[in-house]
Amino acid sequence: MNLWRDISQRLNENTPYWPGDTPYSYRLNSSIAKGSSVNVGEIRMSTHLGTHIDAPFHFDENGKKIIELDLDLYIGPALLVKIDAAKSIGVEAFTGIDFTGIERLLLATGQWKDLSRFPEWIPTIDPELAPYLADKGVKLLGLDLPSVDYLDSQELPAHHALSGCGIHILEGLVLESVEPGMYDLAALPLALEEGDGSPVRAVLKRKG
């Protein structure tokens, strides 16, 4: 059977988080074990923990917030590509790839190998890749890294370049054992009116 496959990081107290950001925590404010009729939980976490999307407001004070984003971006056919990302991810990584009809592109770099720890280094998206992908029709870029920029970047050139070309960002995917090819993708954000980012439950189903 062609079933949906979860490509999201699990959220728990061991989920790695950006240094200085808000880690995940969960507690029961109402507990059956303590005499209540129901269990009612409370969660606290960063909007950029685990598998998540970035709204342009994350890096642009005048950018769109989560509630303003087009949901069609996050549901539909997606091409998954495995690439060798030794340093940065540029146009040369996509030689020979047919982008006909591709609006959602997922990159498996394999560079975040231990998902129990926040990485010390990741490859970056070359800003020059943004207009190349936009010219091909790509509107969503997803990858198995916590960011499209270097972890210590303050200018965030890849974020700005992608957004400036109309390409939205999906980060923190789990793609290690997923084969390249065409899939149906669903990775919907929460309906956060003031959201700069949102966790998502990202899933794939093989096409064909």
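Every condition in (1) of a type in the set (D, E, K, R); (2) in contact with a Gly (Cβ under 8 Å, 6 or more places away or on another chain); (3) within 23 Å of Gln9 (Cα to Cα) holds for Asp84 except the one numbered (2).
One residue stands out in region 148-163 among those that are open to solvent by less than 60 Å² (accessible area, probe 1.4 Å) and in a loop (DSSP other than H, G, I, E, B): the one that is nearest to Glu61 (Cα to Cα), namely Leu156. Among the residues of region 43-64, is there at least one that is part of a strand (DSSP E or B) and either surrounded by fewer than 14 Cβ atoms within 10 Å (Cβ to Cβ) or without any contact (Cβ under 8 Å) to a residue 60 or more places away in the chain (or both)? Yes, the conditions are met somewhere in region 43-64. Kindly indicate whether Leu175 is open to solvent by less than 50 Å² (accessible area, probe 1.4 Å) and part of a strand (DSSP E or B). Spelling it out, it is not the case that Leu175 is open to solvent by less than 50 Å² (accessible area, probe 1.4 Å) and part of a strand (DSSP E or B). Scanning region 65-96 for residues that are over 24 Å from Ala187 (Cα atoms), touching a helix residue (DSSP H, G or I) at 6+ places or on another chain (Cβ under 9 Å) and among the acidic types (Asp, Glu) yields a single hit, Asp84.
Hey, could you check region 20-35 for residues that are among the polar types (S, T, N, Q) and within 20 Å of Arg201 (Cα to Cα) and say which is surrounded by the most Cβ atoms within 10 Å (Cβ to Cβ)? Across region 20-35, the extreme among qualifying residues is Thr22.
Considering only residues in region 4-35 that are among the small types (Gly, Ala, Ser) and not in a strand (DSSP E or B), the one that is farthest from the chain's Cα centre (by Cα) turns out to be Gly35. For Val38, the test of being among the hydrophobic types (A, V, I, L, M, F, W, C), assigned to a loop (DSSP other than H, G, I, E, B), more than 24 Å from Gly195 (Cα to Cα) and open to solvent by less than 80 Å² (accessible area, probe 1.4 Å) is passed. Of Gly96, Gly101, which residue is free of Cβ contacts under 8 Å to residues at least 24 places away in the same chain, outside any helix (DSSP H, G or I) and either aliphatic (A, V, I, L, M) or more than 22 Å from Leu49 (Cβ to Cβ) (or both)? Exactly one residue qualifies, and that residue is Gly96.
The values are calculated or read from the model by the stated rules, or taken from the named source; none is laboratory data. Please read these numbers as outputs of a predicted model, since none were measured by experiment. In this analysis, Cβ positions are derived from the backbone assuming ideal geometry, glycine residues included, and neighbour counts consider all displayed protein chains. Areas reflect the complete protein model, heavy atoms only, side chains present, ligands, DNA and RNA absent. Shrake-Rupley method; radii C 1.70, N 1.55, O 1.52, S 1.80 Å.
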